[in-house]
Amino acid sequence: MAAAISAAQDKKAVEVVVLDLRKASGFTDYFLICTGANARQIQAIADAVREALKKEFGERPALAEGIEKSEWILLDYFDFVVHVFSRECRAFYGLERLWGNAERRELTEPA
């Protein structure tokens, strides 16, 4: 997941958070949640994550949704799920609130 975090941060994703769902969920271990400023940046973040994981590990997402609208792109890698949101969608869906019992780790943007 470090490669996904790095790829998202390289594309200037903000409010990058990892939720540890191992004790709270049965379908995945972690959520990587981040925000892009606009549809173009959201798409660029998702593309960078996919490219980095394919290049470094030969991994492709089992499921990719939301690519057409670029308001909320979901990339499912089984052990972790990447959520790239617009600010409005992130506030509306509130995954951090929904999974409030998960351990939360906020990541600072690289300098």
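Does at least one position in the stretch 1-12 carry a residue that is out of contact with any helix residue (DSSP H, G or I) (no Cβ under 7 Å at 6 or more places or on another chain), free of Cβ contacts under 8 Å to residues at least 12 places away in the same chain and not in a helix (DSSP H, G or I)?
No, the stretch 1-12 has no match at all.
Quickly run through the stretch 38-87 and pick out the residues that are more than 19 Å from Trp99 (Cα to Cα), in contact with a Ser or Thr (Cβ under 8 Å, 6 or more places away or on another chain), surrounded by fewer than 16 Cβ atoms within 10 Å (Cβ to Cβ) and not charged (D, E, K, R).
Passing the criteria: Asn38, Ala39.
Somewhere in the stretch 54-73, is a residue under 10 Å from the mean Cα position of the chain (by Cα) and among the hydroxyl-bearing types (Ser, Thr, Tyr)?
No, the stretch 54-73 contains no residue that is under 10 Å from the mean Cα position of the chain (by Cα) and among the hydroxyl-bearing types (Ser, Thr, Tyr).
Name the residue that is surrounded by the fewest Cβ atoms within 10 Å (Cβ to Cβ), counting only residues in the stretch 22-37 that are charged (D, E, K, R) and touching a residue at least 12 places away in the same chain (Cβ under 8 Å).
Per the stated criteria, the residue is Lys23.
Out of the residues in the stretch 22-70 that are in contact with a strand residue (DSSP E or B) (Cβ under 7 Å, 6 or more places away or on another chain) and of a type in the set (Ser, Thr, Tyr), which is nearest to Val84 (Cα to Cα)?
That would be Thr35.
Show the residue pairs that are 6+ apart or on different chains and have beta-carbon atoms under 6 Å apart, the first residue being within the stretch 84-100 and without any contact (Cβ under 8 Å) to a residue 24 or more places away in the chain and on the phi < 0 side of the Ramachandran plot, the second being among the charged types (D, E, K, R) and surrounded by 11 or more Cβ atoms within 10 Å (Cβ to Cβ).
From the stretch 84-100, the pairs are Cys89/Glu71.
Values in this text are rule-based calculations from the coordinates and carry no lab data. None of these values were measured; they are calculated from a predicted model. Cβ coordinates were reconstructed from backbone atoms using ideal geometry, including for glycine residues, and neighbour counts include every protein chain displayed.
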